[in-house]
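Reading through the structure tokens given below for one structure.
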Amino acid sequence: MSKHYNNIVVLTGAGISAESGLATFRSSNGLWNNHRVEDVATIDAFERNPEYVHAFYNDMKPELLKAKPNPAHLALAELEHKYDGKVTVVTQNVDTLHEKAGSEKVLHIHGQINQAVCLNCGRVLETWDDVDTQTVCPHCKIAGMMKPNIVFFGESLLCMDEVEKLLRTCDLFVSIGTSGVVYPAAGFVQTAKYFGADTIEFNLETTSNNYLFDKHIFGKSSQTVPEFAAELLKTKNEA
Ligand code: APR
């Protein structure tokens, strides 16, 4: 790696958190092997059985609260703070491992496990405590209108105005630990490529949209990402 980049966008998926002990979605023991998406990750599911959906996300909280960032998260945080250019993480993950590692520019396009949104007033409640159908919104004081601030299938992604701008202006798009099967996130690489960015994919294996990447770095992200970040930190802005 000798090229210097000015504006790097890093899309992360469940794979970057796998070595922190968190389950991915589509691996053999993935979350979607043990629960049906239709039961816990759609608006219909939430309207049909809000208690069950709240319980699914409440049950995830203790493990995600305890989880520690791994060298891949730490390398991205170091890159954001030391690299002579802009580095933004766009994550599909609802864990907070990027923030725990020290990343500050993190856009959670699928929401966050430690947040709930009030369907009455739209305000977001930050909490690691259980949220359920009795929870009172601290802002509008209405009970029973809180929803996990997780983007369900069919809902619009969060932070998309900012993400669109980033995809049009970045000169390097990096994808780490995502299977590339869930759109719109799986299409981000196409937008970045269209607007001229170099594209690199980090994964254990070939993914569904691998043909859109200029380069593939196979291996565990806790090893490959720190190596990549170290190479980038050696480059300087020649301008
Ligand atoms: N290092 C690098 N890649 C890894 C590692 C690792 N240690 N472990 C797993 N992976 C890769 C897998 O090969 C796989 O391609 O991470 C990817 C995880 O894929 P998924 O389980 O499909 O997770 P993700 O791509 O994040 O899912 C996207 O789908 O259900 C929705 O909202 C959910 O955000 C999620 C979205």
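Restricting attention to region 146-173, the residues that are open to solvent by less than 20 Å² (accessible area, probe 1.4 Å) and more than 30 Å from Arg36 (Cα to Cα) add up to 5. The residues of region 146-156 that are at negative phi and either more than 15 Å from the ligand (Cβ to nearest atom) or touching a strand residue (DSSP E or B) at 6+ places or on another chain (Cβ under 7 Å) (or both), listed by number, are Met146, Lys147, Pro148, Asn149, Ile150, Val151, Phe152, Phe153.
Name every residue in region 185-235 that is near the ligand (Cβ under 9 Å from one of its atoms), open to solvent by less than 70 Å² (accessible area, probe 1.4 Å) and in a helix (DSSP H, G or I), in order of residue number. Correct list: Ala185, Ala186, Ser221, Ser222, Thr224, Val225.
Condition test on Glu162, is it part of a loop (DSSP other than H, G, I, E, B), of a type in the set (Asp, Glu) and outside the structural domain of Ala45 (by TED's automatic domain parsing)? Even if it seems obvious, please write down each step before you answer.
Values: part of a loop (DSSP other than H, G, I, E, B): no; of a type in the set (Asp, Glu): yes; outside the structural domain of Ala45 (by TED's automatic domain parsing): yes.
No, not satisfied.
Only one of the listed residues (Cys170, Cys159, Cys121) is within 16 Å of the ligand (Cβ to nearest atom) and at pLDDT 95 or above. That residue is Cys159. Listed by first and then second residue, the pairs with beta-carbon distance under 7 Å, at least 6 apart or on different chains, first residue in region 30-49 and closer than 12 Å to Phe152 by Cα, second small (Gly, Ala, Ser) and loosely packed, with under 14 Cβ neighbours inside 10 Å, are Thr42/Gly154; Ile43/Gly154.
The values are calculated or read from the model by the stated rules, or taken from the named source; none is laboratory data. These numbers come from a predicted model, not from an experiment. Note that we place each Cβ from the backbone using ideal geometry, even for glycine, and neighbour counts take in every protein chain shown. Heads up: the accessible areas ignore ligands, DNA and RNA and are worked out on the full protein's heavy atoms, side chains in. Shrake-Rupley method; radii C 1.70, N 1.55, O 1.52, S 1.80 Å.
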